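Please read the structure below before turning to the comments.
None of the figures in this text is laboratory data; all of them are computed from the coordinates on show. Quick caveat: nothing in here was measured; it's all calculated off a predicted structure. Don't worry about glycine lacking a Cβ; one is built from the backbone with ideal geometry, like all the others, and counts go over all protein chains shown.
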Amino acid sequence: MHEKQRLAVFASGTGSNFVAIADAIDQGRLDAEIVLLVCDNSEAKVIGKARDRQIPVFVFQAKNYPSKVDYERDILQELNHCQAEWLILAGYMRLVGDTLLDPFEGRIVNIHPSLLPAFPGKDAIGQALSAGVKVTGVTVHFVDEGMDTGTIIDQEVIRIQPEDDQDTLQANIQEIEHRLFPKTIQALIQTEKREEIKS
Ligand code: GRF
């Protein structure tokens, strides 16, 4: 195991969770380093955020490959090249296939803006508002072949206020995400280090 755990962050969008993880590392709250950003959208804002921090970026376009197996093989090559140990999904909008699931079993983690198993998939915040539930939250879970179905690692609850709309609820949820995700990754890393010492 490396002294600092080597994270590859997968993201397709804004990258606020990417920044929260990078900040937690800079501030010594997360004993890791980000060795690669994997992104499937060349327009995504997260790319600039990685480049600002001199973090290597691998951008791919799924439509340029015949199949998921083919683009995941290229990703795997990049992951091996930078010796990534954990795959951190932070707004990566694709299901992960066996090409990555097999070599990284138990080491792929996702964050989702609802209390899973409620409201999996896209627009979890909109789904919660439409359903009229009074609480929702954030889930960090291991990734399996399903859509937001893997084993739950941690969750945090938030109350939906009558005046909440998509924007306010999203802002409140992201505030939780930015705290919960680095904290949960750190807990996973610590647990693994303890287990390694024991064995
Ligand atoms: C987050 O809300 C996360 O829960 C979901 O995608 C969003 C990514 O946001 N999976 P950002 O790009 O990190 O700002």
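Values for this structure:
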{"quantity": "Qualifying lysines (Cα of each under 21 Å from Cα of Lys198; at least 8 residues distant if same chain)", "calculated": "Lys4"}
{"quantity": "Rounded Å value of the spacing that divides the Cα centres of the range 119-154 and the range 1-76", "calculated": "22 Å"}
{"quantity": "Cα lying deepest toward the dipole's positive end in the chain, options Leu101, Ile34, Val157, charges on Cβ", "calculated": "Ile34"}
{"quantity": "Extension reserve of the Glu196-Met147 stretch, reckoned as 0.36 nm per residue once the Cα distance is removed", "calculated": "14.6 nm"}
{"quantity": "Inter-label distance for Lys134 and Asp167, nm, one decimal - labels placed 7 Å from Cα along Cα-to-Cβ", "calculated": "2.8 nm"}
{"quantity": "Residue-averaged 222 nm ellipticity for the chain, from DSSP H runs of 4+ at -39500 (n - 2.57), nearest 500", "calculated": "-12500 deg cm²/dmol"}
{"quantity": "GluC sites (Glu not before Pro), loop per DSSP, at most 13 other Cβ atoms within 10 Å - longest free stretch of the chain", "calculated": "44-104"}
